[in-house]
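To start, the structure itself, in structure tokens.
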Amino acid sequence: MPKMKTKSSAKKRFKVSATGKVIGSQAGKQHGMIKRSNKFLRNARGTTALSAPDAKIIKGFMPYDR
């Protein structure tokens, strides 16, 4: 059976931690900062672990990253 292909968009945006959690960047930081509160921008720094339903979808895109 041939190897499965990884979705290129997923491998650029997410990574899987050693415990199996999917890590991605925080949402809401691309544009429109003027209307967002300083507290929102502070809390949206860095990366976060995706929720379980979202992580299941992303793991389907990255078959060898489990």
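The table for this structure:
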quantity	calculated
Vicinal HN-Hα couplings computed from phi for the stretch 35-49 (Karplus, 6.51 cos²θ - 1.76 cosθ + 1.60; Hz; Gly/Pro x)	8, 9, 6, 5, 5, 4, 5, 5, 6, 9, 6, x, 10, 8, 7
Too-long pairs where the Cα-Cα distance tops 21 Å, listed order kept, from LYS5/LYS59; LYS21/LYS59; LYS7/LYS29; LYS15/LYS56; LYS3/LYS59; LYS12/LYS59	LYS7/LYS29
Within a Gaussian network of the chain (alpha carbon springs, distance under 10 Å), most fluctuating of LYS39, LYS15, LYS56	LYS39
Dipole of the chain [Lys/Arg +1, Asp/Glu -1 at C-beta], most positive-end residue of ILE57, GLY20, ILE34	ILE34
The chain - charge dipole about Cα centre, Lys and Arg +1 at Cβ, Asp and Glu -1, debye rounded to 20	160 debye
In order through the stretch 50-61: 3J(HN,Hα) via Karplus (6.51 cos²θ - 1.76 cosθ + 1.60), integer Hz, x for Gly, Pro	6, 5, 4, x, 5, 5, 4, 5, 5, 5, x, 7
Along each principal axis, Cα extent of the chain, largest first, Å	52, 23, 17
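Taken together, the values in this text are just the output of simple stated rules run on the coordinates, not laboratory data. Bear in mind the structure is a predicted one, so any value in this text is a computation, not a measurement. Because the Cβ atoms are built from the backbone with ideal geometry, glycine has one as well, and the counts that use them run over all protein chains shown.
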